[in-house]
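> Have a look at this one.
The values are calculated or read from the model by the stated rules, or taken from the named source; none is laboratory data. All values reported here derive from a predicted model rather than from experimental measurement. Don't worry about glycine lacking a Cβ; one is built from the backbone with ideal geometry, like all the others, and counts go over all protein chains shown. Keep in mind that these areas ignore ligands, DNA and RNA; they rest on the heavy atoms of the full protein, side chains included. Shrake-Rupley method; radii C 1.70, N 1.55, O 1.52, S 1.80 Å.
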Amino acid sequence: MSLPVSSSRAVVKAVRGLPVVDFVVIGGGITGLSAAFFLRRYVRKNGKEPKIVVLEGSKRLGGWIHSVRTEEGAVHELGPRTLRPAGCAGQTTINLACALGLYHEHKVVAVRRDHPSAKNRFIYANGKLHKLPNSLLSLIRKQEPFSKPLLSYAWNEFFVPKSPLEDESVYDFSHRRFGKEVTEYMVDAMCRGIYAGDARELSVRSCFPLLHKYEQQHGGIIKGGYQATQVRPEKDSFLAHDDLMQKEHREKWSVWTLKGGLQTLVEKLEWRLGIDRVVINTGETCSHLEFVDEEESEGGKKVAIVTAGGKKWQADHVVSCIPSHNLGQLMEEEHDQFAEILKSIKSVTVATVNLEYEGSVLTEEGFGYLVPSNQTSNVLGVVFDSCALPQLNRTGKGKTTRLTCMMGGAWFHDLFGDPQNVDSDHLLSIAKEAVRDHLGITATPVYSAVNIQRDCIPNYKVGHHKVLDDLDDYVREQSLPLTLLGSSYRGVSVNDCIYEAMKAVWRMRSS
Ligand SMILES: Cc1cc2nc3c(=O)[nH]c(=O)nc-3n(C[C@H](O)[C@H](O)[C@H](O)COP(=O)(O)OP(=O)(O)OC[C@H]3O[C@@H](n4cnc5c(N)ncnc54)[C@H](O)[C@@H]3O)c2cc1C
């Protein structure tokens, strides 16, 4: 789609006297920090290292990555807690950790695929926990809550033709290929676990691009999945450190994190960027972004004028690493229709309740459980943090159990009302009730923390790919020196954020 040029398009000449930099990176979450890292590493301006400024609105870096370290030495994650090593995106994060020296400093904590937390994942349905199949035997046996062995659903999937639709909801896609039970108990729960979102609204093409590709290219998920195991993944990595990747391969990791939590990755990036003379300004919310014709430029080259914290910068290029909605607000004066499209990508609010108990209070070992949306419960699921990562428990005082209860997501308003007015004690009591009813835990936690994370996970709705096309078209047609990165666009995982940042910088390097 081609959008009309806004009538208020800035045509003024670039302002003299402003500090001039090569890149302004807006946002100091994991996307912004890794984008700055890759820019510093791979891009040269006239043969020299580029001048880069990172502008972060809040006082701390990391965005949704937020590891709270208690005085007793326990780590409670408010946002992401583990990273998957699989695929190009997974490998890029591993390489980044290696390049930052985290491997050689023995900071990496991995969970192997044979660990109970990797093998045991549960769903809560019809009043009890059910272990999801994790072996061939469990696929051929009928297991509650399913009325048939799961292998029979997989067998039927072979014969389902591919859809002629460009995109459809995750629910419709899964229902068509696997039927109602798999969709409502497993796929719906998975959407709540990853996106805190509703499978009936999320786009299969944008939220699970591999599944969509397997159907379109190979005619089915099982067929596509099998073909994928036959192809060795390309070494699609632009960093030269692969010691950690080899270790991951040898040890067969399921997921990994860092000592001190994922905040350690943020701290290490901040340290590295400081050494590399990248200017990082925290507490400077960007309030306006406009693009103006550069003085003395004949080809109509544009530069950006960025306003933040009462200061202005002139930049050759802006890398936006803030939520699309926030960027829309910065650009709405001059680029109103573009801003509207940016704002159309919505995110959901999630409340996390971190709980810590004396001793081992879990009767089952595993990663945690999810609650499908067809069950009566106010929680999305509970992660058994201490089971997967006992290394992040408090030090030296015997065993403890750490859990995180997730709530809300696409159902936040219906269940709890306006996030601004929700009482934290109410959410804490819901979390305690859930672990009592679902896990039989009646003990009083020795630590608890409630956090309401507003608009924290983008939910890509059906047709999201067209939204991305419209945004790309506008940037290209208007020749804006602007790159859109971050979880609003092409993947919400930390791995996706880092990988997309690296690919974008790589393209700038060769352009
Ligand atoms: C509860 C939860 C659990 C999760 N679990 C996992 C997990 O286990 N594994 C996984 O891979 N992913 C997980 N994720 C997803 C992942 O954490 C996020 O998608 C990712 O961290 C987003 O990073 P980002 O840098 O793109 O955006 P953000 O983290 O949102 O960072 C954007 C930054 O921009 C700043 N900013 C915004 N507006 C402005 C402005 N106008 N001017 C200046 N700065 C501004 C913000 O303050 C923020 O620091 C989870 C997310 C949540 C919320």
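> Could you say whether any residue in segment 115-130 is β-branched (Val, Ile, Thr) and either under 15 Å from residue 497 (Cα atoms) or within 16 Å of the ligand (Cβ to nearest atom) (or both)?
From segment 115-130, those β-branched (Val, Ile, Thr) are 123; that's our starting set.
The next check asks that each one be either under 15 Å from residue 497 (Cα atoms) or within 16 Å of the ligand (Cβ to nearest atom) (or both); those that pass are none.
Scanning segment 115-130 turns up no residue that is β-branched (Val, Ile, Thr) and either under 15 Å from residue 497 (Cα atoms) or within 16 Å of the ligand (Cβ to nearest atom) (or both).
> While we're on this one: For segment 256-269, check the following and say yes or no: at least one residue is in contact with a Leu (Cβ under 9 Å, 6 or more places away or on another chain), under 24 Å from residue 112 (Cα atoms), among the hydroxyl-bearing types (Ser, Thr, Tyr) and modelled with pLDDT of 95 or more.
yes
> Going through segment 307-326 one residue at a time, which ones are open to solvent by 40 Å² or more (accessible area, probe 1.4 Å) and touching a helix residue (DSSP H, G or I) at 6+ places or on another chain (Cβ under 8 Å)?
Pass one, segment 307-326, residues open to solvent by 40 Å² or more (accessible area, probe 1.4 Å): 309-312, 323, 325-326.
The one that is open to solvent by 40 Å² or more (accessible area, probe 1.4 Å) and touching a helix residue (DSSP H, G or I) at 6+ places or on another chain (Cβ under 8 Å): 325.
> So, of the residues in segment 454-474 that are of a type in the set (D, E, K, R) and at negative phi, which turns out to be nearest to the ligand (Cβ to nearest atom)?
So in segment 454-474, the residues of a type in the set (D, E, K, R) come out as 454-455, 461, 466, 469-470, 472-473.
Checking which are at negative phi leaves us with 454, 461, 466, 469-470, 472-473.
Numbers: 454: 10, 461: 17, 466: 21, 469: 20, 470: 20, 472: 18, 473: 22 Å.
Result: 454.
> Residues of segment 79-89 being within 13 Å of the ligand (Cβ to nearest atom), in contact (Cβ under 8 Å) with a residue 12 or more places away in the chain and either more than 14 Å from residue 30 (Cβ to Cβ) or open to solvent by 10 Å² or more (accessible area, probe 1.4 Å) (or both), which ones?
Keep residues of segment 79-89 that are within 13 Å of the ligand (Cβ to nearest atom), which gives 79-87, 89.
Narrowing the set further to residues that are in contact (Cβ under 8 Å) with a residue 12 or more places away in the chain leaves 79-85, 87, 89.
Once the filter is applied, which keeps residues that are within 13 Å of the ligand (Cβ to nearest atom), in contact (Cβ under 8 Å) with a residue 12 or more places away in the chain and either more than 14 Å from residue 30 (Cβ to Cβ) or open to solvent by 10 Å² or more (accessible area, probe 1.4 Å) (or both), segment 79-89 yields 79, 80, 81, 82, 84, 85, 87, 89.
> Filter segment 287-306 for residues that are open to solvent by less than 20 Å² (accessible area, probe 1.4 Å) and either within 10 Å of the ligand (Cβ to nearest atom) or under 26 Å from the mean Cα position of the chain (by Cα) (or both) and give the result.
Of the residues in segment 287-306, the ones open to solvent by less than 20 Å² (accessible area, probe 1.4 Å) are 289, 291-292, 303-306.
Result: 289, 306.
> List the helices (runs of 4 or more DSSP H) inside segment 120-198, counting only whole elements, that have at least 1 residues being crowded, with 17+ Cβ neighbours inside 10 Å.
Helices (runs of 4 or more DSSP H) meeting the threshold: 150-157, 170-178, 188-195.
> Please work out if residue 458 is at pLDDT 95 or above, more than 26 Å from residue 119 (Cβ to Cβ), open to solvent by less than 40 Å² (accessible area, probe 1.4 Å) and in contact with a Ser or Thr (Cβ under 6 Å, 6 or more places away or on another chain). Outline the logic, then answer.
Working: at pLDDT 95 or above: yes; more than 26 Å from residue 119 (Cβ to Cβ): yes; open to solvent by less than 40 Å² (accessible area, probe 1.4 Å): yes; in contact with a Ser or Thr (Cβ under 6 Å, 6 or more places away or on another chain): yes.
So residue 458 passes the test.
> Can you tell me how many residues within segment 431-451 are of a type in the set (S, T, N, Q) and in a strand (DSSP E or B)? Don't jump to the end; show me each part of the working.
So in segment 431-451, the residues of a type in the set (S, T, N, Q) come out as 442, 444, 448, 451.
Now drop any that are not in a strand (DSSP E or B), which leaves 448, 451.
Summing the residues that are of a type in the set (S, T, N, Q) and in a strand (DSSP E or B) in segment 431-451 gives 2.
> Something else about it: Which pairs do you get when a residue that is free of Cβ contacts under 8 Å to residues at least 40 places away in the same chain and within 12 Å of the ligand (Cβ to nearest atom), found in segment 310-334, comes within reach of a residue that is of a type in the set (D, E, K, R) and open to solvent by 10 Å² or more (accessible area, probe 1.4 Å), reach meaning Cβ atoms under 9 angstrom, with the pair 6+ apart or on two chains?
If the second residue must be of a type in the set (D, E, K, R) and open to solvent by 10 Å² or more (accessible area, probe 1.4 Å), the pairs left are 328/340; 328/343; 329/343.
> Consider residue 368 against the criteria (1) of a type outside the set (Phe, Trp, Tyr); (2) on the phi > 0 side of the Ramachandran plot; (3) at pLDDT below 95: it satisfies all of them except one. Which criterion is unmet?
Only one criterion in (1) of a type outside the set (Phe, Trp, Tyr); (2) on the phi > 0 side of the Ramachandran plot; (3) at pLDDT below 95 is unmet by residue 368, namely (3).
> Related question: Is it the case that some residue within segment 269-286 is farther than 30 Å from residue 74 by Cα, outside any strand (DSSP E or B), without any contact (Cβ under 8 Å) to a residue 24 or more places away in the chain and open to solvent by 60 Å² or more (accessible area, probe 1.4 Å)?
Residues of segment 269-286 farther than 30 Å from residue 74 by Cα: 276-279, 284-286.
Among the residues that remain, those that are also outside any strand (DSSP E or B) are: 276-278, 284-285.
Cutting the leftovers down to without any contact (Cβ under 8 Å) to a residue 24 or more places away in the chain gives us none.
For segment 269-286, residues farther than 30 Å from residue 74 by Cα, outside any strand (DSSP E or B), without any contact (Cβ under 8 Å) to a residue 24 or more places away in the chain and open to solvent by 60 Å² or more (accessible area, probe 1.4 Å): absent.
> Moving to a separate point now. Being free of Cβ contacts under 8 Å to residues at least 24 places away in the same chain and either more than 14 Å from residue 360 (Cα to Cα) or small (Gly, Ala, Ser) (or both) is the filter here; which residues of segment 434-450 pass it?
Residues satisfying the conditions are 436, 437.
> Hey, could you check segment 25-60 for residues that are charged (D, E, K, R) and modelled with pLDDT of 95 or more and say which is nearest to the ligand (Cβ to nearest atom)? Steps first, please.
Going through segment 25-60, the residues charged (D, E, K, R) turn out to be 40-41, 44-45, 48-49, 51, 56, 59-60.
Cutting the leftovers down to modelled with pLDDT of 95 or more gives us 40, 51, 56, 59-60.
Values: 40: 17, 51: 18, 56: 5, 59: 9, 60: 8 Å.
Of everything passing the filter in segment 25-60, 56 is nearest to the ligand (Cβ to nearest atom).
> Let me ask another. Across segment 401-430, what is the total count of residues that are part of a strand (DSSP E or B), open to solvent by 10 Å² or more (accessible area, probe 1.4 Å) and of a type in the set (Ser, Thr, Tyr)?
0
> A follow-up question, please. Could you please give the count of residues in segment 45-71 that are over 26 Å from residue 311 (Cβ atoms) and without any contact (Cβ under 8 Å) to a residue 24 or more places away in the chain?
Final tally of qualifying residues: 2.
> In addition: So, in segment 64-77, of the ones that are crowded, with 21+ Cβ neighbours inside 10 Å and not β-branched (Val, Ile, Thr), which residue ends up nearest to residue 397 (Cα to Cα)?
The residue in question is 74.
> Quick check on segment 142-155. Is at least one of its residues in contact (Cβ under 8 Å) with a residue 40 or more places away in the chain and more than 16 Å from the ligand (Cβ to nearest atom)?
Here is the first cut: in segment 142-155, the ones in contact (Cβ under 8 Å) with a residue 40 or more places away in the chain are 145, 154.
Now drop any that are not more than 16 Å from the ligand (Cβ to nearest atom), which leaves 145, 154.
Scanning segment 142-155 turns up at least one residue that is in contact (Cβ under 8 Å) with a residue 40 or more places away in the chain and more than 16 Å from the ligand (Cβ to nearest atom).
> Scan segment 475-493 and report the pairs whose first residue is assigned to a loop (DSSP other than H, G, I, E, B) and within 8 Å of the ligand (Cβ to nearest atom) and whose second residue is open to solvent by 30 Å² or more (accessible area, probe 1.4 Å) and modelled with pLDDT of 95 or more, with Cβ atoms within less than 6 Å and a gap of 6+ or a chain change.
Every condition considered, the pairs that remain are 485/500; 488/323; 492/457.
> If you don't mind, there's one more thing I want to ask. I need a count of the residues in segment 14-59 that are open to solvent by 70 Å² or more (accessible area, probe 1.4 Å) and either within 30 Å of residue 393 (Cα to Cα) or of a type in the set (A, V, I, L, M, F, W, C) (or both).
Matching residues across segment 14-59 total 3.
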